[in-house]
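Undergrad: Structure incoming, see below.
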Amino acid sequence: MTKKSSYTTDGKVVTLSSEKDVNLRLAEIIGKKFSDYRDEWDKANNMEIVTDFPLFLHLDMNQECNYKCPHCIIGTPAEVKEYYEGDYINFDSFKKIIDEGSEHNCPSMEPQGNNEPFLIKDLHKYIEYAHNKGFIDIMLNNNGSALTSKRSSQVLDSGLTRLRFSLDAHTPETYSKVRVGSIPLERVIRNIETFLELRAKGNYKLPLVGVSFCKMKQNEHELDDFINFWKNKVDMISVQTYVPPTPNIDKYKIYYSTDQLNSEPINEFKCVQPFQRVVIKNQSIAPCCVSFNKNLIIGQIGKKGAIHKAWNSEKMNNIRDLHKRGEFYLDKTCNDCVNLIYPNNQIPRN
Ligand SMILES: C[S@@+](CC[C@H](N)C(=O)[O-])C[C@H]1O[C@@H](n2cnc3c(N)ncnc32)[C@H](O)[C@@H]1O
Ligand code: SF4
Ligand code: SF4
């Protein structure tokens, strides 16, 4: 790692990249249209502009996973049942969503939410469809268990730009505790290495590959070793802030990292997600990726133009205005969310 830099897009995920900022590398590979999109993204993130259509379509495709990580909502099926409804996104509804995005030149998307994306049969065909429809930044997180070499080759040809492997541990002991039900860590590492070898052999520039670590009380002692192990092997390392997945704080507070518990109270919070994206959770359109945001739902997919309508709806404009003013506490869901992210928040909290 010659030059170390770090950046964050949402205040929750910090990416440490080697040599150059990941977005600069992508701009070099993809060209001016990529840097133009990032310029627009930065303006939206600074709340300087509201685009006519979201810059990012985040698709929470289904709630199926082969792991049961205790810090993730998927680890508790009763909570999934409480907070999710509607049919999963199948290839037909996926195509309709992508077609609408394409009509509006939407630049980025992620076909993964609270699930394991590689359990979707032919996932590469979904990615290819979005790529062929003009999406220039297509990203995914995965747990690394289902990426066989055959599927790796399919992914390399699909148009994916960023592929992150969530590990959350450096040692097998910690891995099996924070990633319950997992295959052994060494097999996941082998899958990542195979992917990197195939990428190198085929001279593919994309996707950039990263590993991620959700920092918690149970694994924080391994973060430095984790970074040292991976820093010269992958293009990016993401360190995620742990956020309790539901307001059941008594159950989830045991995962807060020491830093979070000792953090200073916040002075201000303005959420950028409603300026960047919509999250399509099965059939519902939401302004953010939080699992317990039923009250914030702004529409349903199905009818032509549904995403554009939801993005420009009065309800969505009100959510953006609320955050622009820094008055997140006026909305119960946003207030719960901020209090979960920042356990020492003192701005009106109930
Ligand atoms: C929900 S997973 C879905 C994709 C895939 N199954 C995986 O594990 O990468 C997406 C990302 O969210 C992270 N994550 C899960 N629960 C979290 C939590 N409570 N706080 C912060 N990040 C979390 C995971 O570590 C992973 O990097
Ligand atoms: S592998 Fe991903 S989706 Fe599955 S339980 Fe763990 S964090 Fe959640
Ligand atoms: S609940 Fe509110 S504060 Fe939390 S991510 Fe969603 S919009 Fe942002």
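Undergrad: Largest first and to the nearest Å, give the Cα extent of segment 33-91 along each principal axis.
TA: 41, 28, 20
Undergrad: Stokes-Einstein diffusion coefficient for segment 69-225 at 4 °C in a medium of 1.567 mPa s, Rh from the Kirkwood formula over Cα pairs: what value in µm²/s?
TA: Using the Kirkwood radius from Cα pairs, D works out to 77 µm²/s.
Undergrad: What translational diffusion coefficient, to the nearest whole µm²/s, does the chain have by Stokes-Einstein, given a Kirkwood radius computed over alpha-carbon pairs, a temperature of 20 °C and 1.002 mPa s viscosity?
TA: The calculation lands on 103 µm²/s.
Undergrad: Right, next: Can you pull out the cysteines in the chain that have no other Cys Cβ under 4.7 Å?
TA: Cys65, Cys106, Cys214, Cys271, Cys288, Cys289, Cys334, Cys337 - these cysteines have no disulfide-compatible partner (Cβ-Cβ under 4.7 Å) in the chain.
Undergrad: Separate question: Treating each Cα of segment 161-250 as an identical point scatterer and ignoring solvent, apply the Debye formula and state log10 I(q)/I(0) at q = 0.19, 0.24 Å⁻¹.
TA: Those come out to -0.91, -1.27, one per q.
Undergrad: As a check on your grasp of the helix formula, calculate [θ] at 222 nm for the chain: sum -39500 (n - 2.57) over DSSP H runs of n ≥ 4, divide by the residue count, round to the nearest 500.
TA: That comes out to -10500 deg cm²/dmol.
Undergrad: Another one. Need the full-extension length gain, Glu314 to Lys294, defined as separation in residues times 0.36 nm minus the C-alpha distance. One decimal, nm.
TA: So the extension gain works out to 5.5 nm.
Undergrad: Can you tell me the Rg and the Dmax, both Å, for the Cα atoms in segment 244-350?
TA: Calculated on Cα positions, Rg and Dmax stand at 15.0, 48 Å.
Undergrad: With a Cα-only, solvent-free Debye model of segment 163-309, what are the log10 I(q)/I(0) values at q = 0.19, 0.21 Å⁻¹?
TA: Taken in order of the listed q values, log10 I(q)/I(0) reads -1.19, -1.24.
Undergrad: Please work out, to two decimal places, the log10 of the ratio I(q)/I(0) at q = 0.12, 0.18, 0.24 Å⁻¹ from a Debye calculation in which every Cα of segment 92-159 carries one identical scatterer.
TA: Relative scattering, expressed as log10 I(q)/I(0), comes to -0.29, -0.65, -1.09.
Undergrad: Order of Cys214, Cys65 from fewest to most other C-beta atoms within 10 Å?
TA: Going from least to most buried by this count: Cys65, Cys214.
Undergrad: Taking the Cα centre of each part, how many Å lie between segment 114-169 and segment 271-288?
TA: 21 Å
Undergrad: Hey, what did the chain get for relative contact order, percent, Cα under 8 Å, at least 6 apart?
TA: About 20 percent, as a whole number.
Every number in this text was worked out from the coordinates using simple rules, so none of it is lab data. Source: prediction; values computed, not measured. Reconstructed Cβ throughout: ideal geometry from the backbone, glycine too, with neighbour counts over all protein chains shown.
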